[in-house]
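Shown next, in structure tokens, is the structure this report addresses.
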Amino acid sequence: MASSSSSKAVLLLTLCLISAAAAERTVGSFQCSARATCHALVDYSPTNDTTYSGIKALFGVKKLYSLLGANNLPTSTPPNTTVAAKQKIRVPFPCLCSSNSTSGVSNKVPVYTVKKGDVGLDDIARQTFSGLVTYQEIADHNNMSNPNLIQVGQRLWIPLPCSCDEVNETKVVHYGHLVESGSSVAGIAERFGTTEETLLKLNGMANASSLQADQVLDVPLKACSSSVRTDSLDSPLLVPNGTYVLTAYQCVKCNCDSANNWVLQCEASQLKSTNWSTCPSTQCSDSSSFSIVNTTSSTTCGSGTTCAYAGFNKTTIYTAQVPQPICPASNNTNAASKMVLHAWSWSFLFISIHLVLLLVFFL
């Protein structure tokens, strides 16, 4: 009997330690310095196979296109497409930095309805939401004194970690990155275009060795610059590298690609508007051929104008003609050829001098 009791005590202690380790692993350090709202991203790694439609419903994402855009998937992707277990999917959500808290959390979403079979808050936190939050955080934000007392049909706010703060005096999209086993702070910094120092400071880490697998790391994603006006309904339009968004009531698609000099590229989406019977014009002039994304160029290297998306209101889509640096490919080729020729000339001269010196030495 004593041996049995001892075994049970060891098992209970082991389970408590595992639970504590999991909780420690997922605690984020998403700090907020002022009251603000913004858009944020977080990784989700489902325990079991699911679908994009299932993820959309679980996290309360309003539009499937928002989920597809965050993962740079085609707009034609079927909602019932399978997402394999442990596959990482970026989930977009609204973030709130309140005046009475130093940490940001998702703005009253997602809301989870307790199902039959849910053991407790810890089970919901680690299994259903892949450890993005701890059971203590769920309990605190839902004013629950006992995290094990849940009822089928009960609705729970799941407070995802986030922030709206600027980083290094620049507006960014804060991304809750699930750290993979074998990752390093330096590697993550290089992958997402930031610095090791920034990641350590942002996440309150004393040194790089404290990084843990499955940790939700606050990674600031640089956004493409745009011509969106401050009075636009989608201002500020922050689109990070490798993602796209649908805006202007779904009439305009804007994507960010660092290969395009970090300038937001927008075009008519060809999708049905969610507010207008017909999408307004996206032209920059009376010419029907000069609308957003189109560029007019001259033969002079370095000159040109592009028609850029500049925002929208309830009746209109704004556009703006902005300078666009253009250099014909032929000029670039010629310049490269000249550089190669110049380098070859110096090499030839260097070799010739050495040959002459060798001849002098042997003669």
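The values are calculated or read from the model by the stated rules, or taken from the named source; none is laboratory data. What you see is a predicted model, and the numbers here were worked out from it, not measured in a lab. Here Cβ is always computed from backbone atoms with ideal geometry, including for glycine, and neighbour counts include all displayed protein chains.
I'd like to know if the range 228-245 contains one or more residues that are buried (at least 20 other Cβ atoms within 10 Å of the Cβ), modelled with pLDDT of 95 or more and among the acidic types (Asp, Glu).
Scanning the range 228-245, I find no residue that is buried (at least 20 other Cβ atoms within 10 Å of the Cβ), modelled with pLDDT of 95 or more and among the acidic types (Asp, Glu), so the answer is no.
For the range 267-274, state whether one or more residues are assigned by TED's automatic domain parsing to the domain that holds residue 32, over 17 Å from residue 171 (Cβ atoms) and outside any loop (DSSP other than H, G, I, E, B).
no
Do you know which residues across the range 127-160 are in contact with a strand residue (DSSP E or B) (Cβ under 9 Å, 6 or more places away or on another chain), crowded, with 16+ Cβ neighbours inside 10 Å and more than 22 Å from residue 94 (Cα to Cα)?
144, 150
Kindly list, by first and then second residue, each pair from a residue in the range 145-170 that is under 17 Å from residue 133 (Cα atoms) to a residue that is among the aromatic types (Phe, Trp, Tyr), limited to pairs with Cβ atoms under 7 Å and residues at least 6 apart or on different chains.
Filtered contacts from the range 145-170: 147/135; 156/112; 158/112; 158/129; 160/93; 161/30; 162/30; 163/30.
Just wondering, is there one or more residues in the range 47-67 that are of a type in the set (A, V, I, L, M, F, W, C), surrounded by fewer than 18 Cβ atoms within 10 Å (Cβ to Cβ) and not in a helix (DSSP H, G or I)?
no
Give me the pairs, please: first residue somewhere in the range 31-56 and within 14 Å of residue 220 (Cβ to Cβ), second residue anywhere and of a type in the set (Lys, Arg), beta-carbon distance under 8 Å, and either six or more positions apart or on two chains.
From residues that are within 14 Å of residue 220 (Cβ to Cβ), the pairs are 41/90; 42/90.
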